[in-house]
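Read through the structure below, which is laid out as structure tokens, and then see the notes.
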Amino acid sequence: MSSDAFSEKNKSISNHMSLPKMLTNTLDQMHEPYAIKDINSRYIYANRAIAKLVGLSSPDYMLTKQESELESRLTESQYIVDEWQHQDRIVVQNHKSITMLEIHLQQLNHPYIIRKLPFYDDGGHCVGVVLHSKSIENFNLNKYIKINAPSSLLLNKPDEFFSEPECEFVFLKLQRMSNKEIATVLQLSYAAVDEQIGKIYEKCDVTHTDDFIEFCERRNYHRYLPESFIQQKGNVFKKDNNFII
């Protein structure tokens, strides 16, 4: 499809959703991936950079579609598609942005950060989600990953049940690491780790690892990447509430 034809289709969808031409023209020029979805997680805008990220030759193939309808290298399973749409609903319902670290080891050479923000109409109603992503080249999670981590990791803590320091132990335990392995990673004594894990289990009212894993998965902590793990030497970005990508 020619660039003019693509522009006309984008314009038609933009008019339907009242997307300002100033906005779409600006995002068209961006080298970083941008997209906008409606409240049903259908793409109503996509620039060429995000089409390239997902492995499509043109953003036209994304418009009016959900991820499950895309022939994309990143929609490798219905599970990840369901998770992305769940994230969209959280953003729309809570009117708060969320930031994710996407790791697709078989499809991409580098992970990327994606930030999802509420998209408002002229009346102040949330009518969708804005997506902005950025590739992270110098980032390595191998130190903390023993089993396959979720492809989509939260950079916002799901709730306040665990403190940030506790989340370090939680993440590593959810990686099925032994207390000895956790002690090595966190550079603590085995006794200190054993005591802390015991306190965390008590806090969750569990005694077995399987019950602990189930508890954490219900609260979405299996997807949360602790802040300290992305501020280690060699990891080039910092996460905080004002992180801009």
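The values are calculated or read from the model by the stated rules, or taken from the named source; none is laboratory data. If you're wondering where the values come from, they're calculated on a predicted model, not measured in any experiment. Calculation scope for accessible area: heavy atoms of the full protein, side chains included, ligands and nucleic acids excluded. Shrake-Rupley method; radii C 1.70, N 1.55, O 1.52, S 1.80 Å.
Quick one: what are the phi-derived ³J(HN,Hα) couplings along region 209-224, Karplus 6.51/-1.76/1.60 with θ = phi - 60°, whole Hz, x for glycine and proline?
Taking θ as phi minus 60°, the curve returns 4, 4, 5, 5, 4, 4, 4, 5, 5, 4, 9, 6, 6, 5, 9, 8 Hz for region 209-224.
I need the phi-derived Karplus couplings for region 170-178: 6.51 cos²θ - 1.76 cosθ + 1.60, θ = phi - 60°, integer Hz, Gly and Pro marked x.
So the Karplus estimates, Gly and Pro as x, are 4, 4, 5, 5, 5, 7, 6, 6, 6 Hz.
Amide H neighbours of Phe119 under 5 Å, at least 5 residues apart or on other chains, H built in the peptide plane: list them.
Val127, Gly128, Val129, Val130
Kindly report the accessible area of region 43-85 per residue (heavy atoms of protein chains, probe 1.4 Å, no ligands, DNA or RNA), in Å².
Per residue, region 43-85 has an accessible area of 44 Å².
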